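What follows is a set of notes on a single structure, which appears directly below.
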Amino acid sequence: MRTPFQTKLPNLGTSIFTEMSMMASQYDAINLSQGFPEFDTPDFLKSAINQAINEGKNQYCPSTGLPELLNQISQMVQRRYQAKVPDEQKVDGMNNITVTSGATEALWVAIQTLVRPADEVIIFDPAYDSYEPAVELAGGSCRHISLNAPDYKIDWSEVKETINSKTRAIVINSPHNPTGTLLSKSDITELQKIVLEHSLYLISDEVYEHMTFDGLRHESVLSYPELFKRAFVVSSFGKTFHCTGWKMGYCVAPTELTVEFRKIHQYVTFCSFTPAQHAIASMLKNHPKHIDELAGFYQKKRDVLVEALKGSRFEILPSKGTYFLLLDYTGVSELNDHDFSHWLTKEIGVAVIPLSPFYQADKLTEYHRNNKVVRLCFAKNEDTLLKAAEILCLL
Ligand SMILES: Cc1ncc(COP(=O)(O)O)c(C=O)c1O
């Protein structure tokens, strides 16, 4: 008799994003849980994708990406991150960039490219939920390092202690979901020392790259040529152009790593949605200001929410980037973050995301004992943010 079917991902259930969004719609709560914009993608982009479709640009494009889009991405990268990088080390579209179906595909392919059975990958909790399943399906395992409220800073000496002969890669994410923190120049310097000394690889998830506040700079790995030699840098047009449902992203890596990345990418999707590639290339070319103005656009939303919450009993943690804000609810409730998020959604009418699912499952009891923090997404219209804040101020 055959053995019963065995799941390859025994620890995975419904994601917290799906769970809270379903609950938000069931109880008609204001949904500040899942991280997507309430407003639409720019009109120019909508016209451009319609135009591409009407002009018959509906067939496969090159697996690596449409040349015009690769060129536009490389120009954007050079303009924003590589002013001080010598010309011969600047990225070029044909050799270093691959267009993918969302950052999710780029992360997946980068991890499959790097990780072999028994390899270990260091990730920092709270961590975005797609890294670990990808590592496990590649036969590897994650070593989790916890970051803690209120500043969620990486202790680089702990990273050094965690590295062993099996360590293959480190995954970083800045600006960081869910905490809204940024890695500083000195973080990147420490990281570079460690990566080079131990011949590790780096996956840098930079999907919120254009959303940093109060004049703070995003320290992209693309500005550090020595570190970039061992890195996959991943980004998402969904975040930048308010079109998360298009699932368009890209990966930037040195030539040798890109060759390997593309071998896998071609058998995952072959190529990503051609009309969207035409539209995004045109948007980048004709409206470069959209990107430059994105930080100010989201900073305004953050400020509206923070100001409106000032009279509440929540402690507002600093959001330096992304479109997320953390609230410490110690002054409001004794519940753990999971139960508190359920209660807030069902009884109070505001859906948020608990932070504990972003941590390693076997550390949850300890986490619940010490932390009372939830995540709010402020990629919403001002009315929505004010209405939610008004309700939260009554608690
Ligand atoms: C940190 C982080 N990485 C990757 C992704 C996935 O991006 P995409 O929708 O482009 O696949 C998200 C989406 O929420 C994210 O927050």
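The values are calculated or read from the model by the stated rules, or taken from the named source; none is laboratory data. Given the structure is predicted, the values throughout are model-derived calculations rather than measurements. Here the Cβ is made from the backbone with ideal geometry for all residues, glycine too, and neighbour counts use every protein chain on show.
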Given (1) more than 24 Å from the chain's Cα centre (by Cα); (2) surrounded by fewer than 17 Cβ atoms within 10 Å (Cβ to Cβ); (3) part of a helix (DSSP H, G or I), where does residue 313 come up short, assuming only one miss?
(3)
Residue under evaluation residue 234, criteria (1) under 20 Å from residue 75 (Cβ atoms); (2) in a loop (DSSP other than H, G, I, E, B), criterion not met
(2)
For region 138-152: of the residues being touching an Asp or Glu at 6+ places or on another chain (Cβ under 8 Å) and not hydrophobic (A, V, I, L, M, F, W, C), which is surrounded by the most Cβ atoms within 10 Å (Cβ to Cβ)?
140
Out of (1) surrounded by fewer than 21 Cβ atoms within 10 Å (Cβ to Cβ); (2) under 16 Å from the mean Cα position of the chain (by Cα), what's the single condition that is false for residue 198?
(2)
Is it fair to say residue 293 is out of contact with any Gly (no Cβ under 9 Å at 6 or more places or on another chain), surrounded by fewer than 17 Cβ atoms within 10 Å (Cβ to Cβ) and part of a loop (DSSP other than H, G, I, E, B)?
no
Residues of region 318-333 being over 18 Å from residue 351 (Cα atoms) and part of a loop (DSSP other than H, G, I, E, B), which ones?
318, 319, 320, 322, 331
Test for residue 344: is it in contact with a strand residue (DSSP E or B) (Cβ under 8 Å, 6 or more places away or on another chain), under 25 Å from residue 235 (Cβ atoms), crowded, with 19+ Cβ neighbours inside 10 Å and of a type in the set (A, V, I, L, M)
no
Can you pull out the residues in region 9-33 that are of a type outside the set (A, V, I, L, M) and either modelled with pLDDT of 95 or more or more than 14 Å from the ligand (Cβ to nearest atom) (or both)?
10, 11, 13, 14, 19, 25, 26, 27, 28, 31
Of the residues 130, 101, only one is within 15 Å of the ligand (Cβ to nearest atom), under 13 Å from the mean Cα position of the chain (by Cα) and surrounded by fewer than 23 Cβ atoms within 10 Å (Cβ to Cβ); which?
130
Take residue 167 and tell me if it is closer than 23 Å to residue 126 by Cα, more than 14 Å from the chain's Cα centre (by Cα) and in contact (Cβ under 8 Å) with a residue 24 or more places away in the chain.
yes
Could you check residue 36 against (1) crowded, with 22+ Cβ neighbours inside 10 Å; (2) within 16 Å of the ligand (Cβ to nearest atom) and say which number it fails?
(1)
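Rundown of residues vs (1) within 16 Å of the ligand (Cβ to nearest atom); (2) among the β-branched types (Val, Ile, Thr); (3) in contact with a Pro (Cβ under 8 Å, 6 or more places away or on another chain); (4) assigned to a loop (DSSP other than H, G, I, E, B), yes/no style:
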{"position": "171", "(1), (2), (3), (4)": "yes, yes, no, no"}
{"position": "186", "(1), (2), (3), (4)": "no, no, no, no"}
{"position": "189", "(1), (2), (3), (4)": "no, yes, no, no"}
{"position": "202", "(1), (2), (3), (4)": "yes, no, no, no"}
Filter region 104-127 for residues that are crowded, with 21+ Cβ neighbours inside 10 Å, within 10 Å of the ligand (Cβ to nearest atom) and under 25 Å from residue 281 (Cβ atoms) and give the result.
105, 106, 107, 108
Within region 48-87, the residues that are in contact with a Ser or Thr (Cβ under 9 Å, 6 or more places away or on another chain), hydroxyl-bearing (Ser, Thr, Tyr) and within 30 Å of residue 216 (Cα to Cα) are 81
Looking only at region 242-287, and only at residues there that are crowded, with 22+ Cβ neighbours inside 10 Å, outside any loop (DSSP other than H, G, I, E, B) and among the small types (Gly, Ala, Ser), the one that is farthest from the ligand (Cβ to nearest atom):
281
Please note which helices (runs of 4 or more DSSP H) are completely contained in region 1-88 and include at least 1 residues that are in contact with a strand residue (DSSP E or B) (Cβ under 8 Å, 6 or more places away or on another chain) and among the β-branched types (Val, Ile, Thr).
16-26, 67-81
Name the one entry in 322, 384 that is modelled with pLDDT of 95 or more and farther than 30 Å from residue 77 by Cα.
384
Just give me the residues in region 220-238 being within 16 Å of the ligand (Cβ to nearest atom) and either without any contact (Cβ under 8 Å) to a residue 60 or more places away in the chain or surrounded by fewer than 20 Cβ atoms within 10 Å (Cβ to Cβ) (or both), in sequence order.
221, 231, 233, 237
